[in-house]
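What follows is one structure encoded as C-alpha cells, with my remarks underneath.
The values are calculated or read from the model by the stated rules, or taken from the named source; none is laboratory data. Keep in mind the model is a prediction, meaning the values are calculated, not measured. Here Cβ is always computed from backbone atoms with ideal geometry, including for glycine, and neighbour counts include all displayed protein chains.
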C-alpha cells in the first residue's frame, strides 16, 4: 500500500503505508517536512495537507473538530484536510496529497 506525497518544494514521494496508520504518521515516519506537533489528536493543524481532487470524495468527510482546526491555518483550501484524520486502508492505496506550507517545520536560525 502506498501514498503519493508532494512536499513543499514540489518533490513527489511514493511512500509505503500500513493499514490503519494515520497518513500523518506515514509522512512523518518517512522523514518528510511535517510538524505534526500534537501527534494525531486533531489539536494543532500542523499536519495540514491538500488532497488531490480525484481522492476527495473517497475520504470520510471531516468532522466538525477537524473543520474547526482547519479554520486556524492561513492557507486553507476546499481540499484541505488534517492528515492525522485520514486512516490508511486498501481503499486509499495510491492516495495523493500535497503538504501545505503551514505544515512545514521551521528552519533553525
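Which condition number does residue 49 fail, the rest of (1) under 13 Å from residue 22 (Cα atoms); (2) not in a strand (DSSP E or B) being met?
Failed condition: (2).
Regarding residue 44, is this residue touching a residue at least 40 places away in the same chain (Cβ under 8 Å), within 19 Å of residue 101 (Cβ to Cβ) and out of contact with any strand residue (DSSP E or B) (no Cβ under 7 Å at 6 or more places or on another chain)? Steps first, answer last, please.
Details: touching a residue at least 40 places away in the same chain (Cβ under 8 Å): no; within 19 Å of residue 101 (Cβ to Cβ): yes; out of contact with any strand residue (DSSP E or B) (no Cβ under 7 Å at 6 or more places or on another chain): yes.
Judged against the criteria, residue 44 is not a match.
Just checking, how many residues over the stretch 1-24 are outside any loop (DSSP other than H, G, I, E, B) and more than 22 Å from residue 68 (Cβ to Cβ)?
So in the stretch 1-24, the residues outside any loop (DSSP other than H, G, I, E, B) come out as 2-6, 12-16, 22-24.
In the following step, the residues that additionally are more than 22 Å from residue 68 (Cβ to Cβ) were identified as 2-6, 12-16.
Here the count works out to 10.
Out of the residues in the stretch 1-36 meeting the condition of being out of contact with any helix residue (DSSP H, G or I) (no Cβ under 8 Å at 6 or more places or on another chain) and in contact (Cβ under 8 Å) with a residue 60 or more places away in the chain, tell me which one is surrounded by the most Cβ atoms within 10 Å (Cβ to Cβ).
Across the stretch 1-36, the extreme among qualifying residues is 26.
Residues to consider are 10, 20; find the one that is under 15 Å from residue 103 (Cα atoms) and at pLDDT 95 or above.
10
Residues that are at pLDDT below 95, assigned to a loop (DSSP other than H, G, I, E, B) and out of contact with any strand residue (DSSP E or B) (no Cβ under 6 Å at 6 or more places or on another chain): does the stretch 91-104 have at least one?
yes
Could you tell me how many of the residues in the stretch 77-90 are touching a residue at least 60 places away in the same chain (Cβ under 8 Å), touching a strand residue (DSSP E or B) at 6+ places or on another chain (Cβ under 8 Å) and either assigned to a loop (DSSP other than H, G, I, E, B) or over 12 Å from residue 59 (Cβ atoms) (or both)?
Residues in the stretch 77-90 being touching a residue at least 60 places away in the same chain (Cβ under 8 Å), touching a strand residue (DSSP E or B) at 6+ places or on another chain (Cβ under 8 Å) and either assigned to a loop (DSSP other than H, G, I, E, B) or over 12 Å from residue 59 (Cβ atoms) (or both): 3 in total.
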